[in-house]
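Values in this text are rule-based calculations from the coordinates and carry no lab data. On a predicted model such as this, the values are computed, not experimentally measured, just so you know. Reconstructed Cβ throughout: ideal geometry from the backbone, glycine too, with neighbour counts over all protein chains shown.
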Amino acid sequence: MPVKFSLNAIGQIALKVQNIDVAEKFYESTLGLRKLYRFGNLVFFDCAGVRLMVDQEEEDKPSTAASVIYFRTADIALTARELKSRGVSFIDEPHLIAPMPDHDLWMTFFKDPSGNLLALMCEAPKGYQPAA
């Protein structure tokens, strides 16, 4: 009889970057993630219990495509405005992705210094309008 199990909790996400020093500064100082530690060309950050491992890609190996990392925020307009003041360039403005039965899902996208796509997401109360 097979054992029933399911995977559910993510322990770590890995992200490749071109320059580990630039990435370390961006994720720690610009985005404000709590750095756990650095080991050689690996830097680890805490994202509310999920560990983000940032790894410098090797020059002789081709880069692999990364998944989008979505950072949850309570107020997408306020968070985007703060990140813009820290020099982050956004691809778009906060916009409604999907009106859900009990909330509205808002997102906006930006890139890290290595070109990895990142996003802010906000599960806002119905009728939320981000302040300009």
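I want to verify a result. In a Gaussian network model of the chain, Cα cutoff 10 Å, which of these has the top mean-square fluctuation: MET121, MET100, MET53?
MET100
Below 8 Å between Cα atoms, with a sequence gap of 6+, how large is the relative contact order for the chain in percent?
Working: 222 pairs, mean separation 29.1, N = 132.
Computed over the chain, the figure is 22 percent.
Take a quick pass over the chain and tell me how many lysine pairs come in under 17 angstrom between Cα atoms, counting only ones 8 or more apart or on separate chains.
Numbers: LYS16/LYS25; LYS16/LYS35; LYS16/LYS61; LYS16/LYS111; LYS25/LYS35; LYS25/LYS84; LYS25/LYS111; LYS84/LYS111.
So the count works out to 8.
Among SER85, SER114, which comes first, second and so on when ranked by fewest other beta-carbon atoms within 10 Å? Intermediate values should be presented prior to the final figure.
Numbers: SER85 8, SER114 19.
So the ranking, lowest neighbour count to highest, is SER85, SER114.
Which value, in debye to the nearest 20, describes the size of the charge dipole of region 65-130 about its Cα centre when Lys and Arg Cβ atoms bear +1, Asp and Glu Cβ atoms bear -1, and nothing else is charged?
Details: 6 positive and 8 negative charges, 39 e Å.
Using only the charged Cβ atoms, the result is roughly 180 debye.
Counting other beta carbons within 10 Å of each residue's own, what order do LEU52, LEU78 fall into, fewest first? Show your work: numbers first, answer last.
Values: LEU52 19, LEU78 14.
By the 10 Å Cβ count, ascending: LEU78, LEU52.
Quick one: compute the contact order of region 1-59, relative version, from alpha carbon pairs under 8 angstrom and 6+ residues apart, as a percent.
39 percent
Summarise the long-distance tail of P(r) for the chain by giving the % of C-alpha pairs beyond 19 Å. Please list the in-between numbers first.
Numbers: 4813 of 8646 pairs.
The answer is 56 percent, as a whole percent.
Positive end of the charge dipole of the chain (Lys, Arg +1 and Asp, Glu -1 on Cβ, about the Cα centre): tell me which of ASN19, PRO113, LEU52 has its Cα farthest that way.
Selected residue: LEU52.
Among ILE76, ILE10, which comes first, second and so on when ranked by fewest other beta-carbon atoms within 10 Å?
Ordered from fewest to most neighbouring Cβ atoms within 10 Å, ILE76, ILE10 come out as ILE10, ILE76.
Diagonalise the Cα gyration tensor of region 66-132 and give the resulting equivalent ellipsoid semi-axes, square root of 5 times each eigenvalue, largest first, whole Å. Walk me through the numbers before you get to the answer.
On the way: eigenvalues 89, 38, 13 Å².
In descending order, the three semi-axes are 21, 14, 8 Å.
Do the sum for the chain: with -39,500 (n - 2.57) for every DSSP H run of n ≥ 4, divided by all residues, what is the mean residue ellipticity at 222 nm, to the nearest 500 deg cm²/dmol? If you can, show how the numbers build up before the last one.
Values: 2 runs with 16 residues, N = 132.
Counting only the DSSP helices, I get -3000 deg cm²/dmol.
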